[in-house]
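The values are calculated or read from the model by the stated rules, or taken from the named source; none is laboratory data. What you are looking at is a predicted structure, and each value in this text was computed from that prediction instead of being measured. Ideal geometry is used to build each Cβ from the backbone, glycine not excepted, and the neighbour counts take in all protein chains shown. These accessible areas exclude ligands, DNA and RNA; they are computed on the full protein's heavy atoms, side chains included. Shrake-Rupley method; radii C 1.70, N 1.55, O 1.52, S 1.80 Å.
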Amino acid sequence: MLKKLFAAGLLLFITASANAAPIIGINGSFDVFGIGQTTLNANGEITQVDFSLNSTLFPVLATGDYLDYFTIDSIFSVKNPLVLSNIIGVELWTVEGFSFTGTSIRQNSTQGASTGLYIIGNVTHADFIATETEWFFSTQGLTNNGVNVKSFSSTVTSPAPVVAVSEPTSLAIFALGLIGFAASRKKKSV
C-alpha cells in the first residue's frame with residue numbers, strides 16, 4: 001500500500017513539474033529622455049505632463065530583460081497627456097511588448113526648478129509574469145521657443161525575478177513529504 005502511495009505521489013510530482021514552466025518576473029531597467037510641458041498644482045506636485053513636443057521617444061541604457069528585447073529603433077509610447085489623477089488601472093506606456101499599468105504614486109514633489117515623481121505599477125509582457133515596477137520621472141527647467149517646458153528624464157526599474165511555483169507542484173511536494181514521514185514512522189515501529 002505504501003509503495004502504491006509513493007508511486008502515485010511521485011507520478012503526480014513529475015506530471016506537475018513537467019506542466020509547470022519556470023515563469024519569472026521582469027528584471028532590469030531603462031531610461032527615457034525628452035521634453036514635457038508639465039502642469040503643477042499649488043503644492044508643487046505634477047498634475048499633468050504633455051509629451052507632444054517630442055516627435056519620438058526611445059528607451060536607452062537598457063539592462064537585464066529589457067536589453068534582450070530592445071533595439072536601436074524601439075519606440076517608447078506614452079499616454080499623452082499623462083494625467084496623474086487618472087493613473088490607477090490605466091496603461092501609461094508601452095515598448096516592445098512591455099506595458100506599464102499604474103497602481104499608485106509614491107512621491108510627487110518639487111525642489112527648486114526640478115520635480116520628482118515615483119509612479120508604482122505593473123509591467124507585463126507575454127514572456128514574463130507581471131512585475132511590480134517603479135517609474136521614476138523627473139523634470140528640469142527649460143525654455144523652448146519662449147514657452148516654459150521641462151526637459152525630463154525617467155528611469156524604469158523592475159525588481160529581481162521571482163520564480164513562480166504552481167499550486168499542483170506545491171501540493172505534490174507536500175504529499176511526498178507526508179509519504180516520506182509515514183514511511184519513516186512505519187520503519188521505526190517494525
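Details
- Identity of the residue in the stretch 54-71, surrounded by fewer than 17 Cβ atoms within 10 Å (Cβ to Cβ) and hydrophobic (A, V, I, L, M, F, W, C), that ends up nearest to the chain's Cα centre (by Cα): L67
- Residue match in the stretch 38-48 (condition: among the β-branched types (V, I, T), over 19 Å from S153 (Cβ atoms) and part of a loop (DSSP other than H, G, I, E, B)): no
Conditions (1) open to solvent by less than 50 Å² (accessible area, probe 1.4 Å); (2) modelled with pLDDT of 80 or more, marked per residue:
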residue	(1), (2)
T124	no, yes
E132	no, yes
S138	yes, yes
L142	no, no
V147	no, no
K150	yes, yes
S153	yes, yes
V156	yes, yes
V165	no, no
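- Test: residue in the stretch 72-85 that is open to solvent by 70 Å² or more (accessible area, probe 1.4 Å) and aromatic (F, W, Y): no
- Matching residues, the stretch 99-117, being open to solvent by 50 Å² or more (accessible area, probe 1.4 Å) and of a type in the set (A, V, I, L, M, F, W, C): I105, A113
- Those residues of the stretch 72-104 which are charged (D, E, K, R) and in a loop (DSSP other than H, G, I, E, B), in sequence order: D73, K79, E96
- S184 modelled with pLDDT of 65 or more and open to solvent by less than 70 Å² (accessible area, probe 1.4 Å): no
- The residues in the stretch 45-97 that are over 16 Å from I35 (Cα atoms) and touching an Asp or Glu at 6+ places or on another chain (Cβ under 9 Å) can be counted, and the count is 10.
- Top-ranked residue in the stretch 88-98 [being in contact with a Ser or Thr (Cβ under 8 Å, 6 or more places away or on another chain) and either among the aromatic types (F, W, Y) or under 20 Å from S29 (Cβ atoms) (or both); ranked as surrounded by the most Cβ atoms within 10 Å (Cβ to Cβ)]: F98
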